[in-house]
């Protein structure tokens, strides 16, 4: 391993010549910059992240189309009722309120079931991601509620985690550093 401040690939020939001068039978191969090796080692994770993101976008589009379809179908089934209500004197805002109340009820059922499934899935996600704890989603919801400029801040108090102690805070905010042992020189004969 050679550390340099400039382009490391400029030193390939010099490094190869230095190794060959010590041992002409020693093969020198697999020379690459550390950035390239890092990119190669992370390519699998990047591809999985891309697939995960693509399927998430596809799921979002399918969910939006599904919600639109269900609402159209629901309104279409109630066309006769809507016609009778309007004939009896209901205004357009009244009919719209009925339709939107029904849509909001369906949306709340979906949101509550989605949150329940997401909280259940945090156990799985905590095993797949480094540094993610199962309760991180509750903490992020609490932070979102605190940053949300609303006249109703008391509505978010049920998300408040206990305040961290000084030692917990310093453990959480200390940089995670690992020191590798220095490479040792090996003489090949």
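The values are calculated or read from the model by the stated rules, or taken from the named source; none is laboratory data. Here the structure is a predicted model, which is why all the values come from computation and not from measurement. Reconstructed Cβ throughout: ideal geometry from the backbone, glycine too, with neighbour counts over all protein chains shown.
Per-structure values
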item	result
Close pairs (8 angstrom Cβ cut-off, 6 or more residues apart or separate chains): under 25 Å from residue 110 (Cα atoms) in segment 70-97, surrounded by fewer than 10 Cβ atoms within 10 Å (Cβ to Cβ) and modelled with pLDDT under 90 anywhere	none
Answer from 33, 63, 54 - the residue that is touching a helix residue (DSSP H, G or I) at 6+ places or on another chain (Cβ under 7 Å) and under 30 Å from residue 128 (Cβ atoms)	33
Yes/no for residue 46 being assigned to a helix (DSSP H, G or I), modelled with pLDDT under 90 and within 14 Å of the chain's Cα centre (by Cα)	yes
Filter result for the condition that a residue is in a helix (DSSP H, G or I) and modelled with pLDDT of 80 or more, over 89, 83	83
Yes/no for residue 123 being surrounded by fewer than 10 Cβ atoms within 10 Å (Cβ to Cβ), part of a helix (DSSP H, G or I) and under 20 Å from the mean Cα position of the chain (by Cα)	yes
Sole exception among (1) loosely packed, with under 11 Cβ neighbours inside 10 Å; (2) at pLDDT below 85 for residue 37, by number	(1)
Residue match in segment 53-69 (condition: within 17 Å of the chain's Cα centre (by Cα), free of Cβ contacts under 8 Å to residues at least 40 places away in the same chain, within 30 Å of residue 7 (Cβ to Cβ) and assigned to a helix (DSSP H, G or I))	no
Failed item in (1) surrounded by 10 or more Cβ atoms within 10 Å (Cβ to Cβ); (2) assigned to a helix (DSSP H, G or I); (3) at pLDDT below 85, with residue 31 passing the rest	(2)
